[in-house]
Structures are given as C-alpha cells and as structure tokens.
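The values are calculated or read from the model by the stated rules, or taken from the named source; none is laboratory data. What you are looking at is a predicted structure, and each value in this text was computed from that prediction instead of being measured. Cβ placement follows ideal geometry from the backbone for every residue including glycine, while neighbour counts extend to all protein chains displayed.
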Amino acid sequence: MKRFILAGALLTCAASVAALPPGPPPGPPPPYQMRPVAPAGDRTKPGGDGKTLFEVHCGYCHLAGGMGTNLLTKQRLMMGETPDKGLLANRTDLTTDYVKSVVRMGKGAMPGQTKVDVTDAELDAVAKYLGKAG
C-alpha cells in the first residue's frame, strides 16, 4: 500500500514539473552568484581593492541573497534597524579590527577563514573597505 502511495506522489510531482511552460529562466542569478573574477597576481601583496576582494572572497554569503546576508538582516531587524544593514557593505559600525577578528575566528554560522582562504594582505584590504567605524 505504501509503495502505491509513494509511486502516485512521484507521478503527480513529475506531471506538475512537465506541465511548466517552456521559456527562458526567470531572470538573472542573485548577486552572490555573480561575483567578479579574483584579481590576478601576488595575493600577498598589500594594496588590493577591498570592494573587489570582499565580493570575491565573501560574496558567496555576504552579497544580496547570500545566507550570511539573510541571517544578518534578520538579526538587524530584530534590533530595530532597517533591512539594508544586513549587507556588510552598508554597515557603519564595523571596525577594521572587528572585521579581521571575525574573519579569522568565525562567528555563529560563519567559519573562520584561514590565511590560504584570505591572505593577510587581502584581509587588510577587505577590513579597510568594511571598517567604516575606524
């Protein structure tokens, strides 16, 4: 009996998928899937573009639509802030030291990033970009 119910459910699901109208996908992918290409050259050299390096290394989670942005937006809303504060690039309360600490040590669902993931020079540039509070 259970086999027949499961088979019926699978057929119903397959039929509903087959009934979808043909056509192009429903728009462009979210920003976190459209990150820039990592800059070429020596990753240990200081002076990189913090915005680009943030998007390359942190964009998986921290650009619009990413899991980290969604979690931070929920937290910021619970604190009475506006949804735009879920995007790290919009925050004005982050310091460079705080950014570096969270990146290396991790926080909540975010794992710590090693010096292979993000070199010290890259992290300096990202922390300078995000650390608007000093």
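Residues Gly80, Gly65, Gly134: which one is touching a helix residue (DSSP H, G or I) at 6+ places or on another chain (Cβ under 6 Å), more than 17 Å from Ala38 (Cβ to Cβ) and in a loop (DSSP other than H, G, I, E, B)?
Working: Gly80 fails: touching a helix residue (DSSP H, G or I) at 6+ places or on another chain (Cβ under 6 Å); Gly134 fails: touching a helix residue (DSSP H, G or I) at 6+ places or on another chain (Cβ under 6 Å).
Result: Gly65 is the single residue among Gly80, Gly65, Gly134 that is touching a helix residue (DSSP H, G or I) at 6+ places or on another chain (Cβ under 6 Å), more than 17 Å from Ala38 (Cβ to Cβ) and in a loop (DSSP other than H, G, I, E, B).
What's the number of the condition Asp84 fails, among (1) acidic (Asp, Glu); (2) crowded, with 16+ Cβ neighbours inside 10 Å; (3) out of contact with any His (no Cβ under 8 Å at 6 or more places or on another chain)?
(2)
Report whether or not Ala121 is small (Gly, Ala, Ser) and either more than 14 Å from the chain's Cα centre (by Cα) or part of a loop (DSSP other than H, G, I, E, B) (or both).
Values: small (Gly, Ala, Ser): yes; either more than 14 Å from the chain's Cα centre (by Cα) or part of a loop (DSSP other than H, G, I, E, B) (or both): yes.
So Ala121 passes the test.
Taking into account only those residues within region 105-122 that are surrounded by 12 or more Cβ atoms within 10 Å (Cβ to Cβ) and either in contact (Cβ under 8 Å) with a residue 24 or more places away in the chain or in contact with a Ser or Thr (Cβ under 8 Å, 6 or more places away or on another chain) (or both), which is nearest to Gly50 (Cα to Cα)?
Glu122
Residue-by-condition table, conditions (1) in contact with a helix residue (DSSP H, G or I) (Cβ under 6 Å, 6 or more places away or on another chain); (2) part of a helix (DSSP H, G or I); (3) modelled with pLDDT of 95 or more:
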| residue | (1), (2), (3) |
| --- | --- |
| Pro36 | yes, no, no |
| Pro39 | no, no, no |
| Gly47 | no, no, no |
| Thr52 | no, yes, yes |
| Ala89 | no, yes, yes |
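For Gly131, are the conditions met, namely being touching an Asp or Glu at 6+ places or on another chain (Cβ under 8 Å) and on the phi < 0 side of the Ramachandran plot?
Numbers: touching an Asp or Glu at 6+ places or on another chain (Cβ under 8 Å): yes; on the phi < 0 side of the Ramachandran plot: yes.
So Gly131 fits the description; yes.
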